[in-house]
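The next block holds one structure in the form of structure tokens; read it before the comments.
The values are calculated or read from the model by the stated rules, or taken from the named source; none is laboratory data. Fair warning: this is a prediction, and the values are worked out from it, not measured in the lab. Cβ: placed from backbone, ideal geometry, glycine included. Neighbour counts: every protein chain shown. We work out accessible area using only protein heavy atoms, side chains counted, and drop any ligands, DNA or RNA first. Shrake-Rupley method; radii C 1.70, N 1.55, O 1.52, S 1.80 Å.
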Amino acid sequence: MKYLYKIWKKNRSFIVFISLMCVFRSAVADWYEVPTGSMKPTIVEGDRIFTDKMAYDLRVPFTKISLLKLAEPQAGDIIVFDSVAAQNRLIKRVIGVPGDSVALVDNQLVINGKHLNYDPVSETPINRVATENLNGIKHAVKLSKQRSAIQNFAPVIIPEDMYLAMGDNRDNSADSRVIGLVPRAELLGRAKRVIVSLDYDDYYLPRKDRVLKAL
């Protein structure tokens with residue numbers, strides 16, 4: 001005990017700092033490293049994403065116990081969540097919220113009977129990039145020109161406390177079309193901006209144009 005007390009006395013400032021930092025990252029804000037391209041072109045591999053953990057709930061630190069609901073996810077939000085179905089931490093965009101009817105027809109969303117607008121941005125022989133207008137939230141999506149089974153699904157009514165989430169790289173994302181709807185209890189927070197981005201193909205050098213880039 002005397003040995004532990006000496007350690008505490010000599011390093012208490014550092015120990016308190018580390019403890020507060022752990023509490024902060026657990027309940028207030030954290031960063032998430034993006035390992036895949038499922039959110040391209042919005043988010044790319046190597047991005048470190050700032051995540052607001054108080055965007056939707058005030059939680060007991062180091063747990064998922066919600067003390068107070070602060071807000072509800074909205075269509076267009078980029079969320080980080082611990083997916084039980086995928087057994088992994090994922091980052092996707094909210095497409096449908098409770099009460100919405102959502103369908104996908106030839107890679108184009110139909111929400112509450114309304115076909116979303118897709119304005120062309122760029123195109124290659126394999127895919128195209130378009131600006132998707134999701135109820136006023138405009139963002140780029142990457143769409144393959146090759147047919148696949150995940151480019152269509154019948155209308156789904158989103159139940160209470162569930163969300164339909166999809167990657168912006170629509171043909172290369174294991175999202176609600178694969179893992180099912182996202183329970184609210186799995187949410188960790190809302191992705192706000194890129195803190196820093198490391199280019200895996202260029203010796204992990206930072207991408208200067210993505211530092212503090214808003215999402």
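Here is how the numbers come out for the structure above:
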{"item": "Within the range 23-41, considering residues that are hydrophobic (A, V, I, L, M, F, W, C) and touching a residue at least 12 places away in the same chain (Cβ under 8 Å), the one farthest from Lys53 (Cα to Cα)", "result": "Met39"}
{"item": "Scan of the range 119-156 for residues that are more than 19 Å from the chain's Cα centre (by Cα), touching a residue at least 24 places away in the same chain (Cβ under 8 Å) and surrounded by 12 or more Cβ atoms within 10 Å (Cβ to Cβ), ordered by number", "result": "Asn127, Val129, Ser144, Ile150, Gln151, Asn152, Phe153, Pro155, Val156"}
{"item": "Residue identified as closer than 16 Å to Lys40 by Cβ and free of Cβ contacts under 8 Å to residues at least 60 places away in the same chain among Asp201, Asp171", "result": "Asp201"}
{"item": "Residue list for the range 61-81, restricted to those being under 14 Å from the mean Cα position of the chain (by Cα) and either farther than 21 Å from Gly96 by Cα or open to solvent by less than 50 Å² (accessible area, probe 1.4 Å) (or both)", "result": "Pro73, Ala75, Gly76, Asp77, Ile78, Ile79, Val80, Phe81"}
{"item": "One residue from Gln87, Gln108 being surrounded by fewer than 19 Cβ atoms within 10 Å (Cβ to Cβ), free of Cβ contacts under 8 Å to residues at least 12 places away in the same chain and under 19 Å from the mean Cα position of the chain (by Cα)", "result": "Gln87"}
{"item": "Residue count for the range 44-60, restricted to those that are open to solvent by 20 Å² or more (accessible area, probe 1.4 Å) and either within 19 Å of Asp201 (Cβ to Cβ) or among the basic types (Lys, Arg) (or both)", "result": "5"}
{"item": "Strands (runs of 3 or more DSSP E) (entirely within the range 1-95) containing at least 3 residues that are within 30 Å of Glu132 (Cβ to Cβ) and touching a strand residue (DSSP E or B) at 6+ places or on another chain (Cβ under 7 Å)", "result": "29-33, 47-52, 78-83"}
